[in-house]
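The values are calculated or read from the model by the stated rules, or taken from the named source; none is laboratory data. Being a predicted model, the structure only gives us computed values, none of them experimental. Methodologically, a virtual Cβ is constructed for each residue, glycine included, from the backbone with ideal geometry; neighbour enumeration extends over all protein chains shown.
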Amino acid sequence: MAGMGLPPYDDGNIFARILRGEIASKKVYEDQWALAFHDINPLAPVHVLVIPKGKYVSFADFSANGSADEIAGFMRAVGKIAKDLGLEAQGYRLLANMGEHSGQEVPHFHMHLFAGRPLGRMLST
Ligand code: AMP
């Protein structure tokens with residue numbers, strides 16, 4: 001459910017379609033709370049997207065309206081995926097775009113997981 005000022009959830013967004021199995025993805029992990037799959041246009045040797053199973057348009061929506069169980073389940077899944085992919089030794093970066101200035105393209109909350117090379121500065125500009 002979207003909060004004030006946030007757009008309503010669009011059931012036709014591409015990640016909703018992946019969750020429903022209408023579009024294929026290269027799955028990395030799935031549990032009750034989260035689905036993870038490889039980004040179709042990877043920006044690093046490891047570029048995985050982790051999405052909650054619930055209908056949340058953005059981090060703002062998820063953090064405000066997700067249940068404690070959903071938020072804990074999602075965050076634990078992100079950490080578990082990074083660990084299971086063997087990324088803790090050399091490190092990784094998590095990133096979530098929210099809204100216009102971030103360039104968020106897909107209106108279903110997702111966290112990017114980048115790894116596999118030195119990732120440079122936090123922002124390119
Ligand atoms: P954002 O700009 O944070 O909304 O990121 C959206 C990401 O979704 C981009 O990195 C895209 O490459 C990725 N993406 C878009 N469509 C797909 C898809 N069908 N499967 C996997 N990743 C996708």
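General observations
- The sole residue among 77, 115 that is touching a Phe, Trp or Tyr at 6+ places or on another chain (Cβ under 7 Å) and away from the ligand (no atom under 16 Å from the Cβ) is 77.
- Qualifying positions in segment 111-125 - at pLDDT below 95 and either outside any loop (DSSP other than H, G, I, E, B) or surrounded by 15 or more Cβ atoms within 10 Å (Cβ to Cβ) (or both): none
- Of all residues in segment 90-110, exactly one satisfies the criterion of being in contact with a Phe, Trp or Tyr (Cβ under 8 Å, 6 or more places away or on another chain), outside any loop (DSSP other than H, G, I, E, B) and within 10 Å of the ligand (Cβ to nearest atom), namely 95.
Matching residues to (1) small (Gly, Ala, Ser); (2) modelled with pLDDT under 95; (3) surrounded by fewer than 16 Cβ atoms within 10 Å (Cβ to Cβ); (4) away from the ligand (no atom under 16 Å from the Cβ):
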| site | (1), (2), (3), (4) |
| --- | --- |
| 25 | yes, no, no, no |
| 32 | no, no, yes, yes |
| 51 | no, no, no, no |
| 59 | no, no, no, no |
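- Filtered residues of segment 26-69 (kept if in contact with a Gly (Cβ under 8 Å, 6 or more places away or on another chain) and within 18 Å of residue 80 (Cα to Cα)): 31, 32, 33, 34, 46, 52
- Hey, residue 81 surrounded by fewer than 20 Cβ atoms within 10 Å (Cβ to Cβ), over 22 Å from residue 12 (Cβ atoms) and in contact with a strand residue (DSSP E or B) (Cβ under 9 Å, 6 or more places away or on another chain) or not: no
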